[in-house]
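Q: Just passing along the structure, written as structure tokens.
The values are calculated or read from the model by the stated rules, or taken from the named source; none is laboratory data. Computed from a predicted structure; not experimentally measured. Ideal geometry is used to build each Cβ from the backbone, glycine not excepted, and the neighbour counts take in all protein chains shown. Only protein heavy atoms, including side chains, enter the accessible area calculation; ligands, DNA and RNA are left aside. Shrake-Rupley method; radii C 1.70, N 1.55, O 1.52, S 1.80 Å.
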Amino acid sequence: MLLKVKNLSKSFNTRKKKITAVDNLSFEIPEGKITAFLGFNGAGKTTSLKAILNLLVPDKGEIYFDDKLLKDDFTPLLKQTGVVLESARNIFFALTPIENFAYWGGQRGLDKQTARRNGLELLEKFNLSSKKDTVIFKLSRGMQQIIAICCALIARPKFLILDEPTLGLDIEAVKTMEKILQVLASENVTILLTTHELAFAQKVADQILLIKKGRLIYSGTKNECLAKFNQEKIFTVKFLHPLSDKQEIGLKTISKVVLLADKTYEVTLFDKKSQGQLLQRLAQLELVDIKTKSKSLNDVVDFYMKEGNSYDDTQSGISA
Ligand SMILES: Nc1ncnc2c1ncn2[C@@H]1O[C@H](COP(=O)(O)OP(=O)(O)OP(=O)(O)O)[C@@H](O)[C@H]1O
Ligand SMILES: [Mg+2]
């Protein structure tokens, strides 16, 4: 494991009350994978990231990097980590990308030439070479975000932390971001990101961490998590005519049939093994359209966010 967080807690004392932002949180980040850290506004994601980066001191808890416990000195982690916190504020907006690379590379101990070379390489990789001499505030929001990531990557860190990398990005820019992150992961950069865009998380993440009110409520691989939620085989079927009673009874011997709208039904197999049988029966009817319905990360998050639902509930099959 590249990073291990153990029993992390952090409260803030405000004038009115004590806020428990992070509550005994433990999780692990495997090397070379993309982990999506999910949770509602105020769940404690940014606070956890700041504790990992030693930007705030937790009330309790331990951070291990490369299996070594970090105590007062976080240099081993900080040296190997690139960070973009919310809103790309880790770059100078009045400077150009190249000037930013020289500055941030310098901060990381690189000489100007190396910083420039690394930066240009990154710009090329992310198709932004033409903007190397344009001041940041003249670039689009998506481009600024990419330059911020380039600056975070300037010294080729093995760990990249991104707090809401898709904030304010349009669909095309989000797609670019997906590609960029996948390229980085394929080069064995470990990525921990927060996002509220679950479709984006579903595309890029290998691992999911879900927190609610500072507590971990789910952690596991995305594939496992989606598989658990897709144990049932569900079809949405549209027929040319409404089903007759006889036709409906025929389907109901092997599936649950629910009328969704005029001539459109949701058909859920009682047993996945009878899929062939169901398709045969459907083929004898006049079909207009048939789609498999699968649960998404959105359904997963909805399920866990409901009061009282926990990881164990998924073991016995999902009815959510
Ligand atoms: N410096 C601070 N002083 C007081 N309270 C704070 C401070 N920083 C965070 N909090 C509180 O801690 C809780 C967790 O905040 P945090 O920023 O970690 O949430 P988040 O999961 O990153 O949310 P979002 O998705 O909105 O970014 C919130 O209730 C927030 O108000
Ligand atoms: Mg946050």
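Q: Here is the link list: K16/K60; K45/K291; K50/K132; K4/K203. Which ones come out longer than 26 Å on Cα distance?
A: The answer is K45/K291; K50/K132.
Q: I need the fraction of alpha carbon pairs in the range 3-227 separated by more than 21 Å, rounded to a whole percent.
A: Distances greater than 21 Å cover 55 percent of the Cα pairs.
Q: A follow-up question, please. Computed FRET efficiency, Cβ-Cβ of D67 and S26, R0 22 Å: what is it to the nearest 0.05?
A: Efficiency, from the Cβ-Cβ distance: 0.90.
Q: Okay, moving on. Taking the alpha-carbon centroid of each part, what is the distance from the range 237-255 to the range 1-23 in angstrom?
A: 54
Q: Averaged per residue, what accessible surface does the range 231-293 expose to a 1.4 Å probe, in Å²?
A: Each residue of the range 231-293 exposes 65 Å² on average to a 1.4 Å probe.
Q: Could you pull out which residues in the range 145-170 have an amide N less than 18 Å from a spot 7 Å beyond the Cα of S130, following the Cα-Cβ vector?
A: From the range 145-170, the list is 145-147.
Q: Let me know the shape class of the range 102-191, please: from the alpha-carbon gyration tensor, a ≥ b ≥ c as square roots of the eigenvalues, rounded when a/c is under 1.5, otherwise prolate if a/b is greater than b/c, or oblate.
A: Verdict is oblate for the range 102-191.
Q: Under a 5 Å amide H to amide H cut-off, with H placed in plane at 1.01 Å, what residues pair with F126 once short-range neighbours are removed?
A: So F126 has HN proximity to no qualifying residue.
Q: In whole Å, what is the distance between the alpha-carbon centres of the range 199-229 and the range 132-152?
A: 30
Q: Just to be sure I understand: with springs between alpha-carbon atoms less than 10 Å apart, which residue in Q247, Q80, Q113 has the highest mean-square fluctuation in the Gaussian network model of the chain?
A: Q247
Q: Follow-up question, since we're still on this one. Under a plain spin-label model, where a point goes 7 Å from the Cα along Cα-to-Cβ, how far apart in nm are E121 and N7?
A: According to this spin-label approximation, the distance is 4.2 nm.
Q: Hey, another quick one. Using a ≥ b ≥ c from the Cα gyration tensor of the range 217-279 (square roots of the eigenvalues), is it rounded, prolate or oblate, where a/c under 1.5 gives rounded and otherwise the larger of a/b and b/c decides, a/b for prolate?
A: Prolate, because a/c is 1.5 or more and a/b exceeds b/c.
Q: Can you compute the modelled spin-label distance between S294 and F92, with each label point 7 Å from Cα toward Cβ, in nm?
A: 4.8
Q: Above 19 angstrom, tally the Cα pairs of the range 179-238 and express them as a % of all pairs, no decimals.
A: 43
Q: Which residue fluctuates the most in the chain, going by a Gaussian network model with Cα springs under 10 Å, if the choices are S140, S130, S11?
A: Largest GNM mean-square fluctuation: S130.
Q: Still on this model: When the chain is treated as a GNM, springs tying every alpha-carbon pair under 10 Å, which of L25, L278, L184 comes out with the largest mean-square fluctuation?
A: Taking springs between Cα atoms under 10 Å, the residue moving most is L278.
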